[in-house]
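S.K.: Please read through the structure below; I'll follow up with questions.
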Amino acid sequence: MSAQQIPVFQVDAFASRVFAGNPAAICPLDQWLADEQMQAIAAENNLSETAFFVRNGDTYHLRWFTPKVEVDLCGHATLASAFVILTQLAPGDAVRFQTKSGILEVSRDGELFTLDFPSRPPAECQVHKGLVAALGSAEKPPEGGQDSPSHIVLAARDYLVVYESEEDVRALQPNMEALKQIDRFAVIVTAPGREVDFVSRFFAPAKGVPEDPVTGSAHCTLIPYWSKRLGKKKLHAYQVSPRGGELWCEDRGERVRISGKAVRFLEGRIYL
């Protein structure tokens with residue numbers, strides 16, 4: 001018999017039905033496992049994120065791992081963690097997490113969960129030589145974030161590549177091996193949406209996430225960009241990955257609010 005059993009939930013975040021949104025594995029712990037064990041569990045789960053949390057009084061310490069690395073901020077696994085806590089472990093309407101990105105609060109209003117996250121506005125940057133070509137565009141990349149005929153490149157933690165249309169974003173066929181050489185954590189691509197304010201996709205192959213289905217942390221950069229560009233504080237967004245995900249967003253200056261739904265897919269145990 002295994003000496004230790006770890007509860008695990010798999011939740012589809014930013015989705016109103018299973019097989020949509022972004023799946024995250026959630027592991028409630030009584031105390032922390034070794035970092036190597038948590039990383040191994042995340043690799044075994046092979047989802048874009050596995051989250052672990054430990055209760056600390058009225059709050060929870062929360063950490064996130066891709067199959068390859070621990071990350072400093074993750075939206076969908078935070079939403080999924082809040083879903084597990086607020087619907088099953090400690091039913092309520094709000095929860096606070098202590099994380100590498102400070103205190104993060106999640107509130108619940110019926111089926112809608114709202115993340116209070118730090119804003120990460122993009123700025124002009126020196127563009128990696130192979131970036132645009134790696135995304136599937138044959139065009140020469142712009143210098144220092146200046147306008148080009150069909151895209152703009154900016155950056156915060158991640159590159160932000162802004163295209164003219166939703167069709168441009170959907171049509172991209174990135175070279176994942178080339179994107180592994182990019183000199184930032186990940187690449188966000190975005191454009192105005194046909195039926196929403198903006199659409200996006202997210203690629204982080206070097207971190208074990210070739211294309212992330214729905215990326216909350218990317219919206220820390222997308223929200224301030226589109227809020228300024230469109231002149232509005234409340235925004236409706238859709239991530240146009242194959243699974244897809246819907247988000248309701250609000251720019252609050254130094255903070256952003258990101259709202260979405262979640263559904264439970266499975267519940268079980270990990271045996272160590």
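The values are calculated or read from the model by the stated rules, or taken from the named source; none is laboratory data. Because the structure is a prediction, the values reported are computed rather than measured. Cβ placement follows ideal geometry from the backbone for every residue including glycine, while neighbour counts extend to all protein chains displayed.
S.K.: Identify the residue in region 177-197 that is buried (at least 19 other Cβ atoms within 10 Å of the Cβ) and without any contact (Cβ under 8 Å) to a residue 40 or more places away in the chain and, among all such residues, is farthest from the chain's Cα centre (by Cα).
M.R.: This residue is 191.
S.K.: On the given criteria, is residue 104 in contact with a Leu (Cβ under 8 Å, 6 or more places away or on another chain), modelled with pLDDT of 95 or more and assigned to a helix (DSSP H, G or I)?
M.R.: Answer is no for this residue.
S.K.: Another question about this same structure. If we scan region 235-242, do we find a residue that is surrounded by fewer than 17 Cβ atoms within 10 Å (Cβ to Cβ) and under 21 Å from residue 117 (Cα atoms)?
M.R.: There is at least one residue in region 235-242 that is surrounded by fewer than 17 Cβ atoms within 10 Å (Cβ to Cβ) and under 21 Å from residue 117 (Cα atoms).
S.K.: Here's a check for you: in region 99-138, which residue that is of a type in the set (A, V, I, L, M) and within 30 Å of residue 178 (Cα to Cα) is surrounded by the fewest Cβ atoms within 10 Å (Cβ to Cβ)?
M.R.: It comes out as 138.
S.K.: Show the residue pairs that are 6+ apart or on different chains and have beta-carbon atoms under 9 Å apart, the first residue being within region 122-137 and in a helix (DSSP H, G or I), the second being of a type in the set (Asp, Glu).
M.R.: Correct list of pairs: 131/183; 132/139; 133/139; 134/177.
S.K.: Also: Restricting to region 187-214, and then to whatever is in contact with a Lys or Arg (Cβ under 7 Å, 6 or more places away or on another chain) and of a type outside the set (Val, Ile, Thr), can you tell me which residue is nearest to residue 235 (Cα to Cα)?
M.R.: Going through the qualifying residues, I end up with 213.
S.K.: Among the residues of region 57-71, what is the count of those that are in contact (Cβ under 8 Å) with a residue 40 or more places away in the chain and either under 18 Å from residue 35 (Cβ atoms) or buried (at least 22 other Cβ atoms within 10 Å of the Cβ) (or both)? Break it down stepwise before answering.
M.R.: Here is the first cut: in region 57-71, the ones in contact (Cβ under 8 Å) with a residue 40 or more places away in the chain are 59, 62, 66-69, 71.
Pick out the ones that are also either under 18 Å from residue 35 (Cβ atoms) or buried (at least 22 other Cβ atoms within 10 Å of the Cβ) (or both) and you get 62, 66-69, 71.
Counting residues in region 57-71 that are in contact (Cβ under 8 Å) with a residue 40 or more places away in the chain and either under 18 Å from residue 35 (Cβ atoms) or buried (at least 22 other Cβ atoms within 10 Å of the Cβ) (or both) gives 6.
S.K.: From 110, 92, which residue is in contact with a helix residue (DSSP H, G or I) (Cβ under 7 Å, 6 or more places away or on another chain) and over 30 Å from residue 155 (Cα atoms)?
M.R.: On the way: 110 fails: in contact with a helix residue (DSSP H, G or I) (Cβ under 7 Å, 6 or more places away or on another chain).
Within the list 110, 92, the selection yields 92.
S.K.: Going by the conditions given, is residue 50 polar (S, T, N, Q), in contact with a Cys (Cβ under 7 Å, 6 or more places away or on another chain) and on the phi < 0 side of the Ramachandran plot?
M.R.: yes
S.K.: Name every residue in region 240-263 that is closer than 14 Å to residue 201 by Cβ and part of a strand (DSSP E or B), in order of residue number.
M.R.: Result: 245, 247.
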